[in-house]
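Enquirer: Have a look at this one before I ask anything.
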Amino acid sequence: MIINCVAYEKGHRLHDIATEEIGDILGHPDRFVWVALHEPDAAEMARFQAIFGLHELAVEDALNGGQRPKLEEYGEALFVTMHMVTLRDDQLETGQVAVFAGPGYVLSVRHHPSRGFAEVRRRCEREPKLLRHGPAFVIYALMDAIVDRYFPVVEALQAELESIEDQIFVRGTARQSLERLYQLKRQTMRLKHASMPLGEAAGHLSGIRVPGLCRKTREYFRDVYDHLSRIEAAVDTIREMTITAIQVNLSMVAIDEGEVHKRLAAWAAIFAVATILAGIWGMNFSHMPELDWRLGYPLALLVMGGACGWLYWRFRRAGWL
C-alpha cells in the first residue's frame, strides 16, 4: 500500500504525485521523489522495480520481512534494511524497514509495525537545507529515527533488570525471577540482533570508503554510529548483568534447597533418637529390669523428651532449625 509519494526540489516539498509522474521527476537533477510503502505485495513492488530499476535480489529481500539489517550497493544505488524495535504494552514489537535509494529517488518499505515514519518526513521538510542533500539525508533521517526508538527500549530493559534484582533475595520468588530473567535475556538479544548489524552499516556510511550517494552526509551517519555504539555497550552490560543475575538466582535456589535439607535432616535425627529409645523399651523381653519398675514409663518418656530437646537446642544453635 502506498502511504506517500511526494516530489521535492532543492530541499523543498513540491506536491504529492502519482506513480505515473515519477519518471518526470527522475529526469530533473535538482529533484527527487520519496515513496513510502507499507507491506506491499509482489505486484506493487514489481511496478516500482520497473520505475526505479531496482535490483531483483534487493526487491526479494524487501518483500521478505525477516532479513538481517544490512547495507548493499548496486552501482549508484543503495539498499538498506533496518529492524525496528519498539516497546508496546511492556512487549517488544519488531518490524523491518527496507530503503532503496539512488539518484533522484527514495523508496521505503515498512513491514509489520503499526507506528510509521510520518514524523520523519515532517522533520525532513522542516530542514530544507539538509534535505537538499537528497536521498542520502532521507536514509539518515530514517536510520536516526529507528535508532532513537531503541533508547526507550534500553531504558525499559534496564528498569526491568533493576526490578528483578530487588526481587531475587525475596524468599519464595526464585521461579518467578528466573522466568523474568530469561524473558529479559531474550528481549536483550532481539535488540542486539537489530542494533549490531545496523552499526556496521552506519560505520560503512561514515568510514573511509563512502558510497557516492552519501559523501556529503558522512558526518550525520557518524552521529548515528555513535548512538548505536552507546546502545550496543548498554545492551552488552544488560546481557552480562542478566547472566550474573541468573547465576545468583540459581545459587539462591540451591541455598534454599540446602536449608530445607538441613531442616529435614535435623528433624530426622531428633525423631531417630526417640525411635531408638522407644524401640528398646518396646521389645517386650521377659527379663528386662524396667518392666516391673513403677517409674520406668515416666523415666523413659523423660529420657526421650530430654534427648529430643537437647538435639533441638543443638540444631537450633547451629542454624539448622
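The values are calculated or read from the model by the stated rules, or taken from the named source; none is laboratory data. Keep in mind it's a predicted model, so treat the numbers as computed, not measured. Backbone-built Cβ (ideal geometry, glycine too); neighbour counts: all protein chains shown. Remember, those area values only see protein heavy atoms, side chains included, never the ligands or the DNA or RNA. Shrake-Rupley method; radii C 1.70, N 1.55, O 1.52, S 1.80 Å.
Enquirer: Could you grab the pairs with beta carbons closer than 8 Å, sequence gap of 6+ or different chains, first residue in the range 19-36 and farther than 23 Å from ALA98 by Cα, second one surrounded by 12 or more Cβ atoms within 10 Å (Cβ to Cβ) and of a type outside the set (Gly, Ala, Ser)?
Expert: The qualifying pairs are HIS28/GLU9; ASP30/GLU9; ASP30/LYS10.
Enquirer: I've got another one for you. Would you mind telling me which numbered condition in (1) part of a helix (DSSP H, G or I); (2) open to solvent by less than 20 Å² (accessible area, probe 1.4 Å); (3) modelled with pLDDT under 90 MET252 fails?
Expert: Going through (1) part of a helix (DSSP H, G or I); (2) open to solvent by less than 20 Å² (accessible area, probe 1.4 Å); (3) modelled with pLDDT under 90 one by one, MET252 breaks only (2).
Enquirer: Another question, then. Quick one: in the range 98-131, which of the residues that are among the aromatic types (Phe, Trp, Tyr) and part of a strand (DSSP E or B) is farthest from ARG186 (Cα to Cα)?
Expert: By that ranking, first place goes to TYR105.
Enquirer: Among the residues in the range 172-179, are any modelled with pLDDT of 90 or more and open to solvent by less than 60 Å² (accessible area, probe 1.4 Å)?
Expert: Scanning the range 172-179 turns up no residue that is modelled with pLDDT of 90 or more and open to solvent by less than 60 Å² (accessible area, probe 1.4 Å).
Enquirer: Identify all residues within the range 192-235 that are crowded, with 20+ Cβ neighbours inside 10 Å, closer than 15 Å to LEU71 by Cα and of a type in the set (A, V, I, L, M); write none if there are none.
Expert: Correct list: ALA194, LEU198, ALA201, ALA202, LEU205, LEU213, VAL224.
Enquirer: Being farther than 20 Å from PRO40 by Cβ and either open to solvent by less than 50 Å² (accessible area, probe 1.4 Å) or assigned to a strand (DSSP E or B) (or both) is the filter here; which residues of the range 71-86 pass it? Talk me through it step by step, then tell me what you get.
Expert: So in the range 71-86, the residues farther than 20 Å from PRO40 by Cβ come out as 71, 73, 75-76, 85-86.
Those that are farther than 20 Å from PRO40 by Cβ and either open to solvent by less than 50 Å² (accessible area, probe 1.4 Å) or assigned to a strand (DSSP E or B) (or both): LEU71, GLU73, VAL85, THR86.
Enquirer: Turning to a different aspect of this structure: Considering only the range 1-18, state which residues are open to solvent by less than 90 Å² (accessible area, probe 1.4 Å) and touching a residue at least 60 places away in the same chain (Cβ under 8 Å).
Expert: ILE3, ASN4, VAL6, TYR8, GLY11
Enquirer: Same structure, new question: Does MET45 satisfy the condition of being in a helix (DSSP H, G or I) and open to solvent by less than 30 Å² (accessible area, probe 1.4 Å)?
Expert: yes
Enquirer: Also, I was wondering about something else. Those residues that are open to solvent by 10 Å² or more (accessible area, probe 1.4 Å) and in contact (Cβ under 8 Å) with a residue 40 or more places away in the chain, I need them from the range 180-191; list them, please.
Expert: TYR182, LYS185, GLN187, MET189, ARG190, listed by residue number.
Enquirer: Just wondering, is there one or more residues in the range 90-97 that are assigned to a strand (DSSP E or B) and within 23 Å of THR19 (Cα to Cα)?
Expert: Within the range 90-97, one or more residues are assigned to a strand (DSSP E or B) and within 23 Å of THR19 (Cα to Cα).
Enquirer: What is the number of the single condition among (1) touching a Pro at 6+ places or on another chain (Cβ under 8 Å); (2) farther than 22 Å from ALA42 by Cα that VAL120 does not meet?
Expert: (1)
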